[in-house]
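Asker: Okay, handing you the structure first.
The values are calculated or read from the model by the stated rules, or taken from the named source; none is laboratory data. This one's a predicted model, so the numbers in the text were calculated from it and none came from an experiment. Neighbour counts run over all protein chains shown; Cβ positions are idealised from the backbone, glycine included.
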Amino acid sequence: MNWVTNNLETILSALGWHVALSVPAIVAALLCAIPLGWLAHRLPRYSGPIITGSGLLFAIPSLPLLILLPVITGAGMRDGINVVIALTLYGIALLVRSVADGFNSISSETRLAATALGYSGGRRFLTVELPLAAPIILTGLRVVTASTIALCTVGAVLGIPSLGTLFTDGFQRQILAEIITGIVLTLGLAGLFDGLLVVLGKMLMPWQKQVA
Amino acid sequence: MISFESVTKTYPGPRRSAADVVAVHDTSFNVDTGTITVLAGSSGCGKTTLLRMVNRMVAPTSGRVQINGDDIAHMNPVQLRRKIGYVMQHAGLLPHKTVAENIAVVPRLNGATRAEAKRSVDRMLEMVELSADMADRYPAELSGGQAQRVGVARALADEPRILLMDEPFGAVDPLVRTGLQQQLIDIQHELGTTMLFVTHDMSEALRLGHEIILLAKQGRIMQQDSPTRLVEQPANAFVENFLGLNAAEKALRTRTTADGRTMVVDAHGRPAGFLEQA
Amino acid sequence: MNVIQETINWLVSPQTWSADGHDMIARSLEHLQYSAIAVAFAAVLAIPAGWFMGHTRRFSGVIVGITGAARALPTLGLVTLFGLLLGIGLVPPMIALVILAIPSILASTYSGISAIDTSVLDAARAQGFTTRQLIARVHLPLGLAMIVGGLRSAFIQVMSTAILAAYVGAGGLGRFIFLGINTQHTAMLLGASVWIMVLVIVVDVLFGTIQRFATPAGVRRLNATTSAQSSAG
């Protein structure tokens, strides 16, 4: 506990970096996965390749990806943007399937009703299809949020600051408390975000009896 | 008046080599304004296809549908659908919207303000005899009969001149169905809406229709008549058979049951009821 | 000469692969061997536990909790924690790898077994199957694809995490990455990264093939859904 009270500034800075890298990645993954997943739903012929491809993308180890990304993006190896891009890619890989499942779960009867009522294409997507796909997308988003927050720590071995810095620094300087603090805060942050998503889901989707 | 002029609908076969499937072939009839016209027939006779031609959910392969003399092929399908009510078998309520929001959909799509839509909702709930506290429920919290009432209320909320109904009461139990049918008759009487109603249940057709169109495969019209004339002067054996009026079923006998009551059975031995002693 | 050309040169250089050079072949085998050992240990613990939980159809809350928490568990934190607690060497990262491999095997065994229709089990019992026959002829064939799917995710995740294990002094392919970082040898850093990616994808595809063969023809359409769903590390 002593170490924690003496190093609050370091901890808060690591936490701040962690949030600053992972939140944009989660949001970007969601924004990219929705059109991709929708395409997989609309074009069943391509849904196999899209989903297999994203599965393969998720199998790529994070550290090598973080090392190779700068060659493509041109950013410095210690630039946080690499972490954001890598985490976004993993997030997309996980979410595309949930989004496609979400749109596929809408009953043909509901679609028929929406057409018969006179919804136009865009309005139907935004006010009928997207809300009805949302519960399954949210389940996927919770998985993505947890794994993104955990994966974000890996950048620390390349010198990109995050809660992972507490692991590398703690290991180099032989401070057990620092590593444990890092693990606890990573798990805590993931738990906090998960809770926020659950509450948000309940607020936005009151027709769901429970967002499991 | 809605008029169907030589409409045909073919769908591509299931495989590339397979022949086209003909759902409706060269069918013509008129639906008079302010009446209930029932399209009756067994499954696969093309009745739903014909119904969906009216709001352009199905486009005829050839022929045309006119509403009051205007060819609907020239109308914007989305705008057209907002002016025509549609009720489907399992109500088809939007699961993420409350009862009130479901009923308000079409008025809102047509540009009604929240307050105007709210007034429509209240009026409609009263018309289909649902209590006002149902307004905030979600479809998952309704019984089949309640959901169907909401379906009717939603279809009528923006006072369409035409209402299309596709076996709307097929999935509710018989007792509730009778209540819903009576309610529909009352509503039609009150509003004078032109209704096109699809069913495979002849007793429902006889009960609701001012005019009944009995269809065989591919939308072939076997008889178009009032219920009375249909029963009294069936045009052919198909009609008689569909009405259950053929000789075998008209020949009723009585039997005495174990508990001493008199049961009426048809020629196939199927019970038709008990004889009440007057 | 640009970086990409240098990297290609490093990758095709005999020096990189030969036993008297960097010996990448031996390191690759070592990497696979570590991963296999960790997954084997995890499987010995997780398959019986998952089978028991799946068979009794209870504890689903426990499974959800474990897999949920495992997703948020930072692998680097675990590796450094054990490295610091138990010192340099193979044992500390191995413990971390085993811990990381358990959840996906546990969860997939659980869902593979619990997904078997109870009426199938009742029918088998009614025909006079003994418990051993039940496991061998019903559980195994019907649950195998899911279990292989879990082993696949676990193996991929362990292969990824084993790279980080080099950070605390274990062998395997990760050492080229950390050597590359520390000596600013970009070609080695990038070359090793490319090679690891290739190796992981090859393993993933191989496992995918095994998984397809492990599925009885009658239930083949159900598979491929659990593959590689929780692997990056």
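Asker: Confirm whether C:ILE102 is within 14 Å of another protein chain (Cβ to nearest Cβ), modelled with pLDDT of 85 or more and under 28 Å from C:ILE135 (Cα atoms).
Answerer: no
Asker: Follow-up question, since we're still on this one. Looking only at the stretch B:132-169, which residues are touching a His at 6+ places or on another chain (Cβ under 8 Å) and hydrophobic (A, V, I, L, M, F, W, C)?
Answerer: Correct list: B:ALA147 only.
Asker: Taking the stretch B:222-237 only, how many residues are surrounded by fewer than 16 Cβ atoms within 10 Å (Cβ to Cβ) and part of a strand (DSSP E or B)?
Answerer: Summing the residues that are surrounded by fewer than 16 Cβ atoms within 10 Å (Cβ to Cβ) and part of a strand (DSSP E or B) in the stretch B:222-237 gives 0.
Asker: Of the conditions (1) at the interface with chain A (Cβ under 10 Å from one of its Cβ atoms); (2) free of Cβ contacts under 8 Å to residues at least 24 places away in the same chain; (3) more than 28 Å from A:SER105 (Cβ to Cβ), B:ALA73 fails just one. Which one is it?
Answerer: Checking B:ALA73 against (1) at the interface with chain A (Cβ under 10 Å from one of its Cβ atoms); (2) free of Cβ contacts under 8 Å to residues at least 24 places away in the same chain; (3) more than 28 Å from A:SER105 (Cβ to Cβ), the one that fails is (1).
Asker: Restricting to the stretch A:143-198, name every residue that is among the charged types (D, E, K, R) and crowded, with 24+ Cβ neighbours inside 10 Å.
Answerer: The one that is among the charged types (D, E, K, R) and crowded, with 24+ Cβ neighbours inside 10 Å: A:GLU178.
Asker: Still on this model: Can you name the residue in the stretch A:174-212 that is at pLDDT below 95 and of a type in the set (S, T, N, Q) and, of all such residues, is nearest to B:ARG137 (Cα to Cα)?
Answerer: By that ranking, first place goes to A:GLN208.
Asker: Sticking with this one: Hey, can you tell me all the residues within the stretch A:59-106 that are within 11 Å of chain C (Cβ to nearest Cβ), among the polar types (S, T, N, Q) and within 23 Å of A:GLY48 (Cα to Cα)?
Answerer: A:SER98
Asker: Restricting attention to the stretch A:105-119, which residues are part of a loop (DSSP other than H, G, I, E, B) and surrounded by fewer than 21 Cβ atoms within 10 Å (Cβ to Cβ)?
Answerer: Going through the stretch A:105-119, the residues part of a loop (DSSP other than H, G, I, E, B) turn out to be A:105-107, A:118-119.
Residues satisfying the conditions are A:SER105, A:ILE106, A:SER107.
Asker: Filter the stretch A:1-53 down to residues that are among the aromatic types (Phe, Trp, Tyr) and under 27 Å from A:ASN82 (Cα atoms) and give me whichever is surrounded by the fewest Cβ atoms within 10 Å (Cβ to Cβ). Spell out how you get there, then give the answer.
Answerer: Pass one, the stretch A:1-53, residues among the aromatic types (Phe, Trp, Tyr): A:3, A:17, A:38, A:46.
Cutting the leftovers down to under 27 Å from A:ASN82 (Cα atoms) gives us A:17, A:38.
Numbers: A:TRP17: 21, A:TRP38: 19.
Restricting to residues being among the aromatic types (Phe, Trp, Tyr) and under 27 Å from A:ASN82 (Cα atoms), the top hit is A:TRP38.
Asker: If we keep just the residues of the stretch B:80-99 that are assigned to a helix (DSSP H, G or I) and within 7 Å of another protein chain (Cβ to nearest Cβ), which is nearest to the chain's Cα centre (by Cα)?
Answerer: Among those that are assigned to a helix (DSSP H, G or I) and within 7 Å of another protein chain (Cβ to nearest Cβ), it is B:ARG81.
Asker: For the stretch C:69-93, enumerate the residues that are at pLDDT below 90 and surrounded by fewer than 24 Cβ atoms within 10 Å (Cβ to Cβ). Quick ask: steps written out before the conclusion?
Answerer: Keep residues of the stretch C:69-93 that are at pLDDT below 90, which gives C:69-71, C:86-93.
Across the stretch C:69-93, the qualifying residues are C:ALA69, C:ALA70, C:ARG71, C:LEU86, C:GLY87, C:ILE88, C:GLY89, C:LEU90, C:VAL91, C:PRO92.
Asker: Another question about this same structure. Tell me which residues, restricted to the stretch A:170-212, are within 26 Å of A:ILE11 (Cβ to Cβ) and of a type in the set (Phe, Trp, Tyr).
Answerer: Within the stretch A:170-212, A:PHE171, A:PHE193 qualify.
Asker: All but one of (1) within 26 Å of A:LEU130 (Cα to Cα); (2) modelled with pLDDT of 95 or more hold for B:MET165; state the number of the condition that does not hold.
Answerer: (1)
Asker: Here are B:ALA155, B:ALA104, B:ALA147: which of them is closer than 30 Å to B:LEU230 by Cβ, within 14 Å of another protein chain (Cβ to nearest Cβ) and assigned to a helix (DSSP H, G or I)?
Answerer: That would be B:ALA155, the only listed residue that is closer than 30 Å to B:LEU230 by Cβ, within 14 Å of another protein chain (Cβ to nearest Cβ) and assigned to a helix (DSSP H, G or I).
Asker: Taking A:TYR119, is it closer than 30 Å to B:VAL54 by Cα and either within 11 Å of chain B (Cβ to nearest Cβ) or among the hydroxyl-bearing types (Ser, Thr, Tyr) (or both)? Before you say what the answer is, go through the steps one by one.
Answerer: On the way: closer than 30 Å to B:VAL54 by Cα: yes; either within 11 Å of chain B (Cβ to nearest Cβ) or among the hydroxyl-bearing types (Ser, Thr, Tyr) (or both): yes.
Yes; evaluated as a whole, the condition is true for this residue.
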